[in-house]
Ligand code: IVH
C-alpha cells in the first residue's frame with residue numbers, strides 16, 4: 001500500500017482507492033480486496049480526517065453509505081434512508097459502545113443481538129399486505145429496483161398475513177438476501193462445469209444473482225432471506241420495542257432468524273458474540289459478525305443517528321478470515337501412494353488467526369475450476385477455521401499474457417510419468433521406486449497414528465533416505481546408529497532417544513502396524529477390523545480375497561487392495577525385515593476393538609478429508625455405534641465435512657444435536673464422548 005508523509009495526499013489516495021473498490025464490489029460484484037482490507041482503508045481515512053478535520057469533505061466515503069446505484073436497474077428512492085452500521089472490530093470496542101449507551105440512556109437498557117448475515121441488504125415494500133417492490137440499498141437514499149428478481153425468492157412472501165388485525169397500509173421491511181453455503185458451492189460447481197466464472201464467496205454470488213436482467217436466472221439460484229428491521233410504516237400495530245417488531249414481522253409471515261436474543265447485560269452480549277465467533281461455521285449460511293441493537297424504540301429515538309449510521313446499533317465484526325495474497329507458484333507434492341497433489345505456494349498472509357503460506361489445491365480439476373495461475377493475486381480463506389483454502393483469483397490484477405496452469409506430466413521427485421486414469425480426478429506417479437513416495441511411506445509408518453516413533457519425523461526421514469540409511473520401513477529396525485551419531489545435529493541424547501523410540505515401536509498393536517504399512521484404501525478402522533478378525537499378520541497375508549472381503553465392514557475395494565499388497569514380493573521382503581527385528585505381528589484374536597460408541601447414533605454428512613463416507617460409517621459401527629442416514633432426536637452427533645447437507649445441518653440445529661468437524665469426530669471415536 002502506498003504510504004506518504006503528506007496527509008492531504010494520503011486522504012486523496014485513500015478516497016480514490018475506496019471509490020475504486022466500492023465500484024468493484026457494488027457494481028461489478030467482483031471485489032479485488034477482502035472486506036477486512038476494505039475496512040482497513042476506510043479506517044485509515046477516518047483516522048486521517050480525525051487528525052486533520054480540515055481535510056473532511058461532505059462527499060468523503062467516510063460520510064457515505066455504499067455506492068451510487070448502477071444504471072442497469074431503475075432507481076428507487078427509499079421512503080426512509082437505508083443506513084449503514086458503525087463497526088466494532090473487537091470485544092473492547094463493542095463494550096465501549098455498550099457502556100456509552102448505558103451512560104447516555106436514562107433507565108435500564110436491553111439489547112437485541114442478531115446474527116450479521118453476510119449477504120445483500122434489501123428493502124421490501126408491501127402495500128395493503130401485497131409485495132410491490134424490492135430495492136437494493138444503493139447509496140442509502142436511492143437504490144436499484146430488483147422487484148422481479150426478489151420475487152423469485154421463496155422465503156419472500158407475496159402476501160403478508162394480518163396477525164393483529166391492524167395491518168399497515170404500507171410497510172417497508174429491511175433484511176438480507178443471502179445464498180446458503182451448500183447452494184453457493186453447488187452453483188460454483190455448475191458455473192465451473194459450464195466454463196463460466198465462479199464466485200469468490202456466497203455474498204458475491206447472492207449479489208451477482210440479484211443483479212440478473214432475467215429473473216429466471218435469479219430463480220435458478222437458491223437465494224434466501226432474513227428480515228431484521230422495519231422501515232417506514234403507515235398504520236399498523238403500536239410497537240414499542242424492536243423484539244416486538246420482529247415478532248410482528250414473523251407473525252406476518254416474514255422469515256426472522258431464530259437466533260435473535262434479547263439480553264439485559266453487556267456480559268450476556270459479550271457471551272453471545274463469543275459464542276457465534278466460535279460457532280459461525282455450524283450455520284448453513286455465512287455470518288460476518290453480530291449486530292447489537294438497543295431494544296426500546298423510545299430510547300432509540302433519544303439516541304438518534306449520525307449522517308451514516310444510527311447510534312443505537314453497532315456491528316461487531318468477526319476478525320477477518322479472508323485475505324488476498326500473491327500466489328507465487330503452484331507445485332505438486334507426491335504422497336505415499338503416489339498421488340500427486342497440487343498446492344499453492346503463497347506469499348505468507350495472516351488469515352483466520354494464523355499465517356498461511358501453503359494451501360492444497362486438491363487436484364487438476366480444482367485448479368481448473370478456480371483458474372488460479374502463478375503470479376495471480378488470490379483470495380485465501382480459512383475454511384472451518386482450520387484448513388487454508390484458495391478461493392479464486394482477483395482477475396483485475398492478472399497480468400497480461402498469463403496462461404492457465406498445466407498439470408506437470410513428469411513427477412517432480414523422480415521424473416517418471418504422472419498418470420491420470422479416465423474417470424478419476426487424481427493423478428499418480430506410478431513409479432514404486434519414486435523417492436518421494438518412499439519417504440512418505442516411511443514418514444507415515446513412523447507417525448503418531450501408526451508406529452509412533454518419536455524423533456523420526458519428515459526432515460529426519462528425508463535426511464536418512466538421502467544418505468542411504470533407510471530405503472524402506474523395514475530398515476528402521478537395523479538403522480546404523482553409529483553413522484547417525486556422526487551426523488550434524490544428532491547428539492548422544494537424541495540418538496539414544498531415537499533408539500528407545502524405535503525399540504518401543506516393536507510392541508505396538510497389530511492395528512497400528514497394519515495402518516502404518518500404507519496399504520492403499522486401508523485406514524485405521526479397516527486395520528482394526530482385520531487385526532480383530534484374523535489375529536495375526538500371517539493369517540491376513542495368507543487369507544484369500546474372499547476371506548478378506550467376508551469381513552463385515554471391509555468392502556471389496558479394501559479387500560482387493562490388501563490382497564494385492566501382500567502378494568507383492570517387495571512388500572513381503574519388508575515384512576520379513578520386520579519379523580526378524582521382532583516387531584509384534586500378533587493381534588487381539590477374535591476380540592473387538594473398544595466399543596466406545598455403544599448405544600450412540602452418529603450421522604455423517606459431506607466430504608471429510610481423512611475418511612470416505614463408508615470408512616467413517618464403518619468406524620462408527622466398529623465401535624458399537626449406529627450410523628443412520630438422517631438426523632433425529634435420537635442422534636448423538638452429526639459429523640459434517642465439506643459441502644455438508646444443509647437439511648441435515650438445519651435439522652441438527654433445530655433439535656440441538658451437536659455438529660462436529662473432523663477433529664471432533666476423531667475425539668468422539670477415541671473417547672466415546674463429545675469434544
Ligand atoms: S440492521 C440501521 N441487522 O449489515 C440498521 N443489518 O454493515 C440497519 N446486516 O446494511 C441494519 N445482518 O446489510 C442489521 N441482523 C442485521 C443484519 C444487518 C446483516 C447487514 C445490512 C447492513 C450491514 C451493515
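The values are calculated or read from the model by the stated rules, or taken from the named source; none is laboratory data. What you see is a predicted model; the values in this text were computed from it and never measured. No Cβ is skipped: glycine too gets one built from the backbone with ideal geometry, and neighbour counts run over all protein chains shown.
Numbers for the structure displayed
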{"item": "Criterion (over 22 Å from residue 90 (Cβ atoms) and in contact (Cβ under 8 Å) with a residue 12 or more places away in the chain) met by exactly one of 11, 36", "result": "11"}
{"item": "The stretch 638-660 - residue that is at pLDDT below 90 and assigned to a loop (DSSP other than H, G, I, E, B) and, of those, farthest from the chain's Cα centre (by Cα)", "result": "656"}
{"item": "Test: residue 192 is more than 16 Å from the ligand (Cβ to nearest atom), assigned to a helix (DSSP H, G or I) and more than 26 Å from residue 309 (Cα to Cα)", "result": "yes"}
{"item": "Number of the condition not met by residue 286 [criteria: (1) buried (at least 16 other Cβ atoms within 10 Å of the Cβ); (2) more than 13 Å from the ligand (Cβ to nearest atom)]", "result": "(2)"}
{"item": "Search result, residues across the stretch 445-460 that are over 20 Å from residue 508 (Cα atoms) and in contact with a helix residue (DSSP H, G or I) (Cβ under 7 Å, 6 or more places away or on another chain)", "result": "458"}
{"item": "Test: residue in the stretch 431-442 that is within 20 Å of residue 504 (Cα to Cα), free of Cβ contacts under 8 Å to residues at least 24 places away in the same chain and buried (at least 18 other Cβ atoms within 10 Å of the Cβ)", "result": "no"}
{"item": "Residue 204 out of contact with any helix residue (DSSP H, G or I) (no Cβ under 6 Å at 6 or more places or on another chain), at pLDDT below 90 and either in a strand (DSSP E or B) or within 16 Å of the ligand (Cβ to nearest atom) (or both)", "result": "yes"}
{"item": "Yes/no for residue 142 being over 30 Å from residue 392 (Cα atoms), touching a helix residue (DSSP H, G or I) at 6+ places or on another chain (Cβ under 7 Å), at pLDDT 90 or above and within 16 Å of the ligand (Cβ to nearest atom)", "result": "no"}
{"item": "Top-ranked residue of the stretch 319-347 - restricted to ones that are more than 16 Å from residue 518 (Cβ to Cβ) and outside any strand (DSSP E or B), ranked as farthest from the chain's Cα centre (by Cα)", "result": "319"}
{"item": "Contacts under 9 angstrom Cβ, first residue in the stretch 305-326 being in contact (Cβ under 8 Å) with a residue 40 or more places away in the chain and farther than 27 Å from residue 103 by Cβ, partner within 12 Å of the ligand (Cβ to nearest atom) and not in a strand (DSSP E or B), 6 or more apart", "result": "320/35; 320/39; 322/35"}
{"item": "Residues of the stretch 1-59 classified as under 27 Å from residue 73 (Cβ atoms), at pLDDT 80 or above and more than 34 Å from the chain's Cα centre (by Cα), total", "result": "0"}
{"item": "Lone unmet requirement of (1) closer than 27 Å to residue 179 by Cβ; (2) assigned to a strand (DSSP E or B) for residue 602", "result": "(1)"}
{"item": "Residue that is in contact with a strand residue (DSSP E or B) (Cβ under 6 Å, 6 or more places away or on another chain), at pLDDT below 95, more than 16 Å from the ligand (Cβ to nearest atom) and closer than 27 Å to residue 185 by Cβ, where the choices are 378, 356, 332, 372", "result": "356"}
{"item": "Residue within the stretch 552-560 that is free of Cβ contacts under 8 Å to residues at least 60 places away in the same chain, closer than 30 Å to residue 341 by Cα, in a helix (DSSP H, G or I) and in contact with a strand residue (DSSP E or B) (Cβ under 6 Å, 6 or more places away or on another chain) present", "result": "no"}
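Listed here are the residues, each with its yes/no results for (1) loosely packed, with under 15 Cβ neighbours inside 10 Å; (2) in contact (Cβ under 8 Å) with a residue 12 or more places away in the chain.
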| position | (1), (2) |
| --- | --- |
| 616 | no, yes |
| 619 | no, yes |
| 625 | no, yes |
| 637 | no, yes |
| 640 | no, yes |
| 660 | no, yes |
| 670 | yes, yes |
| 673 | yes, no |
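Residue-by-condition table, conditions (1) under 16 Å from residue 90 (Cβ atoms); (2) within 13 Å of the ligand (Cβ to nearest atom); (3) modelled with pLDDT of 95 or more:
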position	(1), (2), (3)
277	yes, no, no
282	no, no, no
290	yes, yes, yes
293	no, yes, yes
302	no, no, no
310	no, yes, yes
314	yes, yes, yes
318	yes, yes, no
